[in-house]
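Here is the structure we will look at, set down as structure tokens.
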Amino acid sequence: MTRLSILTVSCAASLAMAIQACNIETPADRVTTLATAERLAQLDSVIPALMDSGAVLGMSIAITADTGLVWARGFGVRSSETRESVEATSVFEAASLSKPVFAYAVLQLVDEGVLDLDTPIAEYFEYDDITHDERYRLITPRMVLTHSPGFPNWRPRGGQLTIDRDPGTEFSYSGEGFVYLQLAVMNLTSEPLDQLVRRLVFEPLGMNSSSYLWQDMFEETVALPHNAEGEVMRKYKPQRGRGNAAASLHTTAPDFARFMMAVMNGEALRDSTAAAMLTSQIDVDTNVTWGLGIGLQDNAAGRSFWHWGDNSGYKAYTITYPEHGIGVVWFTNSENGHSVLQGLLAATVGGEHAAADWLDYEAYDSPSRVVREALVRTYEAEGLEAGITLYHELKATQPAEAFDEYLLNRLGYRLLGADLVEDAIAVFELNVAEYPDASNPYDSLGEAYLAAGDTARAIVNYEKSVELNPDNTNGIAVLERIRG
């Protein structure tokens, strides 16, 4: 066994034993006992160990039981530069956890008769961005809330919004749909997004540290975003008129916990509307469906509602079991935040999580991540040649599952992002040699050559990428641009 594998087994085993210590006999019992003093005390040591293993800089987490907040903690730092500590009340970007909060406000408007879930949104608002496709007149608020309007998640930067699937036919996650519904709701109510949600959600629930816009009070408490290397990133601060129902919510773990409890208890909604929110509207994957604005999961502990968030430098997750009155939410200020997703679920509510499996984020202890980080450390300490030598050594000794076309690709982009263009080219060239029949390595090598100013070689590699994958729209668009 190599030194790398010994270290990997040792670290993974010690953390696994720490999580195992929290285990209760059945999934239902495990959820029910989450709020006990013993279980909560264990989290004080398990969470920092997980964060350290996953290179997560900071985290704020809150746990609810029945109608109350029973535990909230901050771990790590708000900034790797200032080393200021994360508190339970530190402000984070909620990312896509913005969506269920907006959905909750929309459902209140439905109860008030302001709009109808099954009336085409076009009857409320003419959306110039999509009038080129007549199918947009079929899109309803229900389709947006169940991610079935047919839109992509986001349109290409500077590109046109398209309808890629017939509206209402299948689940396809879309932030664009929420923006469309946001514009319609703002038109109907004559209220800006943040003002509307403050009136319907934030103020009634006591979410006093929450906003879809940047607030001056956030300056003293915000957890800054960090890249995968732990470097502080530029903080986006949405100003007036720039709030985004799909992604710009800023909040705290205790504030969002109050929202979770409101959804669980159906506050401010008619009984039928509250029930519909947590009723499966559309299939997503095995044991995963979508309600109205929120994900639903079924496992041995019963039905839960959940959602995840993924902004640059911020990752978040929430899950609540209404039958047991238990919920948890956490926010991280690290690009690595989802590497500990499965570990945190195991340490808190436990059980099998089809939703997390469906998301398929790379875990901190996955073979590919362990190998990649070993390559990065060797590269930083000894240079590119030593890193490539280690790659070949590890490929002969480590599990085959650790190696695919994305392993070197991620390392190459890490170098490209650090402006180490020549080294990035060398890594991408190795990836092309390792996977000559895969389209993506050629696309990445083309991008690196373009960054180096070598247009001729960039064209050759983009052409090969498109030849191998005619549906590579990025490669096609780049070729059109650089050919003039």
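Counted by Cβ distance under 14 Å from Gly295, the other residues give a net charge of -3, where Lys and Arg count +1 and Asp and Glu count -1. Placing a label point 7 Å from the Cα of Asp29 along the Cα-to-Cβ direction, the residues of region 291-309 whose backbone N falls under 20 Å of that point are 299-303. Dipole size of region 355-467 about its Cα centre, with +1 on Lys/Arg Cβ and -1 on Asp/Glu Cβ: approximately 120 debye, rounded to the nearest 20. Is any residue of region 195-216 close enough, with backbone N under 18 Å, to a label point placed 7 angstrom from the Cα of Arg242 along the Cα-Cβ axis, and if so, which? Hits in region 195-216 for Arg242 at 18 Å: 195, 211-216. Scan (1) 167; (2) 140; (3) 155 for the value of volume of the Cα convex hull per residue in Å³ calculated from this model and give just the label. It is the one labelled (3). Averaged over residues, the count of other Cβ atoms within 10 Å places the peptides 244-253, 469-478, 204-213 in the sequence 244-253, 204-213, 469-478, highest first. Spacing of the modelled spin labels on Leu420 and Arg135, each 7 Å from Cα toward Cβ, amounts to 4.5 nm. Reducing region 132-200 and region 438-484 to their Cα centroids gives an inter-centroid distance of 32 Å.
Using a 10 Å cut-off on Cβ atoms, rank the peptides 110-121, 435-446, 153-164 from the highest mean neighbour count down.
435-446, 110-121, 153-164
Taking 0.36 nm per residue of separation and subtracting the Cα-Cα distance, full extension of the segment from Arg83 to Tyr173 would add 28.8 nm.
Amide H to amide H distances under 5 Å link Thr279 with Leu292, where only residues 5 or more positions off or on other chains count and H is placed in the peptide plane.
The string of couplings for region 237-249 from the Karplus curve (6.51, -1.76, 1.60, θ = phi - 60°) is 10, x, 9, 3, x, 10, x, 10, 4, 8, 7, 9, 4 Hz, one whole number per residue in order, with x for Gly and Pro. For region 367-483, relative contact order (Cα pairs under 8 Å, six or more residues apart, normalised by length) works out to 17 percent.
Each of Ala262, Gly302, Ala363 was placed along the dipole of the chain (beta-carbon charges, centred on the mean Cα), and the one lying farthest toward the positive end is Ala262. Is the shape of region 135-208 best called rounded, prolate or oblate, per the rule: a/c under 1.5 gives rounded, else a/b larger than b/c gives prolate, else oblate, with a ≥ b ≥ c the square roots of the Cα gyration tensor eigenvalues? Here region 135-208 falls in the prolate category. Placing +1 on the Cβ of every Lys and Arg and -1 on the Cβ of every Asp and Glu, with no other charges, gives the chain a dipole of roughly 780 debye about its Cα centre.
Considering the dipole of the chain built from charges on the beta carbon (Lys and Arg +1, Asp and Glu -1) around the Cα centre, which of Ser248, Pro192, Phe218 is farthest to its positive end? Comparing the listed Cα positions along the dipole, Phe218 ranks first.
As a length-normalised measure over Cα pairs under 8 Å and 6 or more apart, the relative contact order of the chain settles at 17 percent. Counting 0.36 nm for each residue step from Glu219 to Glu405 and taking away their Cα separation leaves a gain of 62.8 nm. Given their separation in residues at 0.36 nm each and the Cα-Cα distance between them, Trp154 and Asn187 gain 9.7 nm when the chain is fully extended. The modelled label-to-label distance between Glu382 and Asn474, using points 7 Å beyond Cα along the C-beta direction, is 3.1 nm. Which residues does the label zone of Thr389 cover in region 350-374, counting backbone N under 17 Å from a point 7 Å along Cα→Cβ? Residues 374 qualify, since their backbone N sits under 17 Å from the label point.
Judged by the mean number of other Cβ atoms found within 10 Å, the most tightly packed of the peptides 312-324, 391-403, 453-465 leads the ranking 312-324, 453-465, 391-403.
Lysine pair count for the chain with Cα-Cα distance under 21 Å and sequence separation of 8 or more or different chains is 5.
Readers should treat all values here as calculations from the given coordinates under stated rules, not as data from a laboratory. Because the structure is a prediction, the values reported are computed rather than measured. In this analysis, Cβ positions are derived from the backbone assuming ideal geometry, glycine residues included, and neighbour counts consider all displayed protein chains.
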